[in-house]
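The values are calculated or read from the model by the stated rules, or taken from the named source; none is laboratory data. Just so it is clear, the structure is predicted and the values come from calculations on it, not from any experiment. When we count neighbours, we look across all protein chains shown, and the Cβ atoms used for this are built from the backbone with ideal geometry, even at glycine.
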Amino acid sequence: MLEEAVEDDFFAIQNRFKKGIFSCETALFLLNLTDRTPNCFSITFPQHYNLTSPKRAGIKCKVEKNNLYSMGITKVKTIYGNNVYCYSKEYTLCDILRRKNNIDIQIITTAFKTYINNKDKNIHILSKYSKQMKVENKVRNYLEVLL
């Protein structure tokens with residue numbers, strides 16, 4: 001790397017852990033659904049992935065069953081213009097509502113408000129994912145208040 005170049009941590013982490021998909025707070029940041037920079041990377045890996053190396057690197061790891069792991073993956077540009085993989089807006093909104101993620105309610109509320117005001121929202125996909133991830137009632141509660 002050139003001395004004057006700025007390192008893109010998102011791109012470097014994605015290249016190091018190729019099966020990892022940015023998720024939760026990290027995906028919210030990459031998707032512009034929050035203005036809070038994540039204090040650590042949240043990455044989802046497929047079931048049976050060896051998490052020793054990513055955990056050693058300080059990554060907040062999550063393992064997902066193959067049917068949910070491969071759902072909703074999208075490519076986004078980092079602030080440095082590099083492409084990385086993270087989950088879609090709809091998948092991420094459902095994912096942050098799952099009990100095991102323990103995300104601050106203010107972050108969730110801001111993410112849903114930002115999503116609702118977004119031109120490229122897809123309520124149909126959001127509904128579909130919420131059923132598959134078993135958070136349909138929680139998503140509906142947020143939508144009822146915001147729409």
Being surrounded by fewer than 15 Cβ atoms within 10 Å (Cβ to Cβ) and of a type in the set (A, V, I, L, M) narrows 76, 63, 84 down to just 63
Restricting to segment 22-49, and then to whatever is among the polar types (S, T, N, Q), touching a helix residue (DSSP H, G or I) at 6+ places or on another chain (Cβ under 8 Å) and without any contact (Cβ under 8 Å) to a residue 24 or more places away in the chain, can you tell me which residue is farthest from residue 103 (Cα to Cα)? 47
Specify which of the listed residues (113, 100) is at pLDDT below 90, within 25 Å of residue 39 (Cα to Cα) and either among the aromatic types (Phe, Trp, Tyr) or assigned to a helix (DSSP H, G or I) (or both). 100
Can you name the residue in segment 89-104 that is surrounded by 14 or more Cβ atoms within 10 Å (Cβ to Cβ) and of a type in the set (D, E, K, R) and, of all such residues, is farthest from the chain's Cα centre (by Cα)? 98
Any residue at all in segment 120-128 that's touching a Ser or Thr at 6+ places or on another chain (Cβ under 8 Å), at pLDDT 95 or above and under 15 Å from residue 88 (Cβ atoms)? yes
Checked segment 105-118 for anything over 15 Å from residue 88 (Cβ atoms) and either surrounded by fewer than 16 Cβ atoms within 10 Å (Cβ to Cβ) or aliphatic (A, V, I, L, M) (or both); matches are 105, 106, 107, 108, 109, 113, 116, 117
Find the residue count for segment 104-127, including only residues that are under 13 Å from residue 28 (Cα atoms) and among the basic types (Lys, Arg). 1
Just the residues that are buried (at least 17 other Cβ atoms within 10 Å of the Cβ) and part of a loop (DSSP other than H, G, I, E, B), please, taken from segment 39-48. 41
Would you be able to say whether some residue in segment 100-112 is more than 24 Å from residue 40 (Cβ to Cβ) and of a type in the set (D, E, K, R)? no
